Every structure is written in C-alpha cells, then in structure tokens.
Amino acid sequence: MIKLTDKEFKEMHTFVREKYGINLENKRVLIEGRLNSTLQAKDCRTFSDYILLLRRDTSGEEITTFLNKITTNLTFFMREPKHFEYLREKILPEQEKTNTRKTYRIWSAGCSLGAEAYTTLMTLHDYFGARKSLWRTPVLATDISQSVLSGAKEATYKADLLKDIPPAWRTRYFKPVGEKKEEYQVAPLICREVEFKVLNLMDDFHFPYHFNLIFCRNVMIYFDQETRKRLVNKYYEQLEPGGYLFIGHSETIPRDATQFQFIQPAVYRKPPR
Ligand SMILES: C[S@@+](CC[C@H](N)C(=O)[O-])C[C@H]1O[C@@H](n2cnc3c(N)ncnc32)[C@H](O)[C@@H]1O
C-alpha cells in the first residue's frame with residue numbers, strides 16, 4: 001500500500017482546489033485507499049509522482065479518473081425527476097404565454113454522459129408535441145472530461161441507465177442497438193439540438209447569449225464554498241431575467257451569496273424584469 005504523506009496530501013489538496021475548485025479536506029483516507037490501484041496502473045511509485053501526472057495533464061482525463069475514484073460520478077436518464085416535472089408543469093406553460101421569440105436556451109453544466117441534456121429535450125418534445133417544430137431549444141452540454149463527452153456524443157447507453165424513462169419514451173426517443181438489444185441509442189430528433197463542449201467551470205467563461213435554464217446538478221458537491229458562490233454568481237449573469245437554475249437535491253446555495261430567488265428545493269430563479 002502506497003502511503004500519502006502530510007506534505008503530499010497538502011500539495012494535492014491545494015492543487016485540486018486552485019485548479020478545479022474541488023475540496024478534498026475530508027477525503028484523505030478515501031484518497032489513500034481508493035487511489036492505490038490507479039497509482040500502480042500509472043506506474044507511480046509515490047503520491048508525488050501521481051500529483052505530477054495530474055499537474056501535467058491538460059486533457060482533463062487524469063483529473064476525471066481521479067474524481068471518479070473519490071466521488072460517485074453517476075448519471076442516468078430522468079435523474080431527480082422533480083426538475084423535469086417543474087419544467088413541464090410550471091416553466092413551459094409560462095414560456096408558451098410569454099416567450100414570443102420561441103427560443104428556449106438550456107445549459108447542462110457538468111453534463112457527464114449527456115443523460116441530463118437528452119432527458120431535458122425529451123421532456124420538451126413530449127410537452128410540445130407537434131408544436132415543438134415552432135420552437136428552437138438549443139442545449140449546450142459541457143464537462144471537463146473529453147472522454148465523457150465522447151460517450152455523450154455517441155449517445156448509446158446500457159439499458160439500466162434508462163430504467164426511469166417512461167416506456168413510451170423508450171420507444172419514441174431511443175433505438176435498440178446490438179444483437180441482444182442490450183444498449184439503446186438516443187434518436188437523432190433529440191441529439192441534433194445538443195452541442196457538447198469541453199469546459200472547466202473554474203475557467204472564466206462568458207457566452208455571447210443568455211440561457212433560460214441552467215442545470216448544474218451534482219457537480220458543485222465537489223467544490224468548496226467560495227468556488228460555489230463564485231460559480232452561482234456567474235450562472236446568474238449568464239441567465240435571462242426570469243431564467244432558472246437547477247442544482248442537485250443534495251446541494252445548497254449559500255443564501256447570502258446570491259440574488260437568486262429560492263423557489264423550491266434545488267430550484268432557483270433570477271427575478272423577472
Ligand atoms: C456526478 S456527474 C453529474 C452529471 C449530471 N449533471 C447529473 O446530475 O446526472 C459530475 C460531472 O461534473 C464534472 N465536473 C467536475 N468538476 C468539473 C469542473 N471543474 N468543470 C466542469 N465539469 C466538472 C465531472 O467530470 C462529471 O462528469
């Protein structure tokens with residue numbers, strides 16, 4: 001078993017917080033236990049060697065492997081369904097009345113394998129039905145990891161990721177693939193409105209347009225309080241007045257740090273004009 005020294009833990013903690021906003025304070029035992037096999041696989045004899053590997057990695061792949069080890073990097077279709085219910089029951093009826101441009105712009109930040117972005121578009125198609133053709137609903141889906149984004153673009157998933165999808169949607173929005181039909185591919189109708197891009201949320205991002213809805217679910221759990229505050233304020237700037245921010249149900253936004261209105265757990269709104 002390779003030991004993590006105090007100095008190495010401090011260095012790792014500082015590097016990962018500064019570069020990725022991720023707080024490792026309580027993860028020392030977990031890091032030592034779960035990363036030993038990674039160190040061996042990467043031919044690192046010490047944690048210092050491994051930290052060097054993380055520092056030199058510009059692709060985001062090493063940090064993703066690292067995150068996957070110390071967190072549950074989980075995603076699936078229709079995860080946290082209350083958000084999709086809120087979208088269809090509250091937001092979309094209001095949009096139909098007020099949004100004369102008929103463009104509804106969405107960002108899935110920390111999108112992992114894309115299930116969140118695709119579930120959102122399925123919800124929109126299901127809600128609008130034939131009226132969907134009157135609407136532009138572009139979805140930007142971003143992550144630091146190039147490899148999850150490649151998977152997201154392929155849009156092919158094992159059946160268990162679809163377990164919470166209504167049977168009618170499985171038929172309408174997926175095509176079974178493989179000889180035993182053990183995998184499902186998202187239909188082109190859904191995929192064509194998603195653009196996937198690499199983006200580290202710690203970077204100083206700015207988009208030339210505003211979003212109507214931002215998902216940042218189960219991403220900020222990794223971040224320290226200061227990083228969360230900064231990010232939430234950046235989301236505020238990137239939203240249209242009246243736009244929404246959805247966060248994970250196990251996450252919180254420090255109330256003193258934001259101008260967002262709290263609507264219900266995990267749902268925040270930028271006040272309308
Ligand atoms: C647990 S997954 C959540 C996926 C999806 N939002 C959901 O709730 O199902 C977290 C994702 O956040 C990404 N992530 C972590 N830190 C990030 C950062 N600094 N910038 C961008 N993405 C990040 C990870 O690569 C991972 O794919």
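Explain nothing, just the number: relative contact order of the range 1-123, from Cα pairs under 8 Å at least 6 residues apart, as a whole percent.
Computed value for the range 1-123: 22 percent relative contact order.
For the range 6-70, which whole percent of the accessible surface, found with a 1.4 angstrom probe, sits on carbon and sulfur atoms?
Exposed carbon and sulfur together represent 46 percent of the surface.
Provide the net charge surrounding L113, with neighbours chosen by a C-beta distance below 13 Å and charges set as Lys +1, Arg +1, Asp -1, Glu -1.
-2
Which shape class, rounded, prolate or oblate, goes with the chain when its Cα gyration tensor gives a ≥ b ≥ c as root eigenvalues, a/c under 1.5 marks rounded, and past that a/b bigger than b/c marks prolate?
Note, shape of the chain comes out oblate.
Expressed as a rounded percentage, what relative contact order does the range 6-70 have, with Cα pairs under 8 Å and six or more residues apart?
Contact order relative to length: 31 percent.
Take the Cα atoms of the range 6-70, build their convex hull, and give its volume per residue in Å³.
78
Looking at the chain, do any whole DSSP H helices span at least 15 angstrom along their long axis by alpha carbon and average 0.0 or above on Kyte-Doolittle, and which?
The qualifying helices are 28-41, 115-128.
How high is the relative contact order of the chain, in percent, with contacts defined as C-alpha pairs under 8 Å that are six or more residues apart?
Reported as a whole number, the value is 17 percent.
How large is the helix-only mean residue ellipticity at 222 nm for the chain, computed as the sum of -39500 (n - 2.57) over DSSP H runs with n ≥ 4, divided by its residue count, in deg cm²/dmol to the nearest 500?
It lands at -12000 deg cm²/dmol.
Is there a pair in K90/K181; K7/K197; K27/K90; K82/K153; K163/K197; K19/K82 whose C-alpha atoms are over 29 Å apart, and which pairs would that be?
In this structure, K90/K181; K7/K197; K27/K90; K19/K82 lie more than 29 Å apart at Cα.
What's the FRET efficiency of S250 with S133 using the Cβ-Cβ distance as r and R₀ = 51 Å, to the nearest 0.05?
0.85
The values are calculated or read from the model by the stated rules, or taken from the named source; none is laboratory data. On a predicted model such as this, the values are computed, not experimentally measured, just so you know. Neighbour counts are summed over all protein chains in view; Cβ atoms, including those assigned to glycine, are modelled from backbone coordinates with ideal geometry. We work out accessible area using only protein heavy atoms, side chains counted, and drop any ligands, DNA or RNA first. Shrake-Rupley method; radii C 1.70, N 1.55, O 1.52, S 1.80 Å.
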